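Novice: Below is the structure I would like to discuss, written out as structure tokens.
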Amino acid sequence: MAEQVRVDFLNWRPDAEDVFNQGLVVATNAIHDTEGWKPVHVKTTTSFSTTGGLEASAATVTSLVAKPIGTGTDLMCAWISNNTVQIGVNGVTMTSAGSVGGGLTGYPLAFATAGTDQQISFFDVCENEGFVFFVVEAWQRQASPLTSVALRHIGYAAI
Amino acid sequence: MTSKISPGWIGSSSYVVPINVGALACTTFRDFIVIGGLTTNRYAIRWCSIGDPTDWPEPATDDARAKQAGQESFPSEHGYVTALAGNDFYMYIFQENAISKGTYVGGDIVISVDIFEEDRGCVRGGRLVQVDDMVFFESDRGFHMLLNDQITDIGYGKVDDSYGG
């Protein structure tokens, strides 16, 4: 029996042909998702668009994770652009943060140093009366020394 | 408890940082926001003041006890807390190789936790989705559904053989 190779495409099925479904068989524009990959439509004129699904600039967005919120089609997103973690709804960046004793002020979160292979490692969202709450953790692997650094953030926004 | 996002909120440009700690997962349980897999203790969960997700007093303080905020650690042999799922009545805490059920009891304990599965768990963050009271997750053995404390191996056979780890 041939050795199995695990490739995580999450709910995107570029390999659907194997089970006789209509689906993509060639991955052309894929971006990293939590422990996997998802397709993205690349634009060059703006970093994000709320039309046509998630769209990202290949020049700036290196990692993107999205979770549905509410009862419609809204998405809470976390992504990395220009070495910073960005958070927003449908790709619209939240550009400021309040602080309630958390000690983390300012936005966006800036990485201390430029690095390689930065990606959103974990992202989760939940809702409560009047709030959408999120946790996000990103990792950066530095070239020298080869060190993984966890960058994390928790916050909420009023609905 | 779930609120619809109003169109007017889309494009909102501010959020609030309530707590200086990171986590791998979060969920809503009754009147609490619960986070798990803390950066300060990957085997622990922590929850906010009752009815106030903006308030996260330091656990084991008088302020926390008065507001029923707290923190609970789990056995490290079952791995990190990787995912959470909650509703108005109970919550599930997923470690890499175990699942616990939490119920609200109030008092000094606040949330009582019992492990009921010590084999299957959520293999890592982002591998769980909740649909009403059904919780679908992936363990290191395959895909499962948890409903009413019963785990069904929904991927048994071809699916787990093809996609399982």
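FYI, it's all coordinate maths here, none of it is from the lab. Keep in mind the model is a prediction, meaning the values are calculated, not measured. Glycine also receives a Cβ, built like all others from the backbone with ideal geometry; neighbour counts cover every protein chain displayed.
Novice: Going highest first, how would you order B:45-54, B:29-38 by mean Cβ packing within 10 Å?
Specialist: Values: B:45-54: 21.5, B:29-38: 25.5.
In decreasing order of mean packing, B:45-54, B:29-38 become B:29-38, B:45-54.
Novice: Grab the alpha carbons of the stretch B:87-129, take their convex hull, and tell me the volume per residue in Å³. Working shown, then result.
Specialist: Numbers: hull volume 3.3 nm³, N = 43.
Dividing the Cα hull volume of the stretch B:87-129 by its residue count gives 77 Å³.
Novice: Additional query: Could you give the C-alpha radius of gyration of the stretch B:83-165 expressed as a fraction of 2.2 N^0.38 Å, taking N as the number of residues it contains?
Specialist: Numbers: Rg = 13.2 Å, N = 83, 2.2 N^0.38 = 11.8 Å.
So the Cα radius of gyration is 1.12 times the expected 2.2 N^0.38 Å.
Novice: Restrict the search to the stretch B:80-125; then list the chymotrypsin sites (Phe, Trp or Tyr not before Pro) that DSSP places in a loop and that have at most 11 other Cβ atoms within 10 Å of their Cβ. Don't skip to the end; give the middle numbers.
Specialist: Details: sites: B:Tyr80, B:Phe89, B:Tyr90, B:Tyr92, B:Phe94, B:Tyr104, B:Phe116; in loops: B:Tyr80, B:Phe89.
Sparse-neighbourhood loop chymotrypsin sites (Phe, Trp or Tyr not before Pro): B:Phe89.
Novice: Give me the base-10 log of I(q)/I(0) for chain B at each q in 0.12 Å⁻¹, Debye formula, one uniform scatterer per Cα, rounded to two decimals.
Specialist: Results for chain B at q = 0.12 Å⁻¹ read -0.56.
Novice: What is the Å³ per residue value for the convex hull set by the Cα atoms of the stretch B:59-111?
Specialist: Details: hull volume 4.3 nm³, N = 53.
Each residue corresponds to 80 Å³ of Cα convex hull volume.
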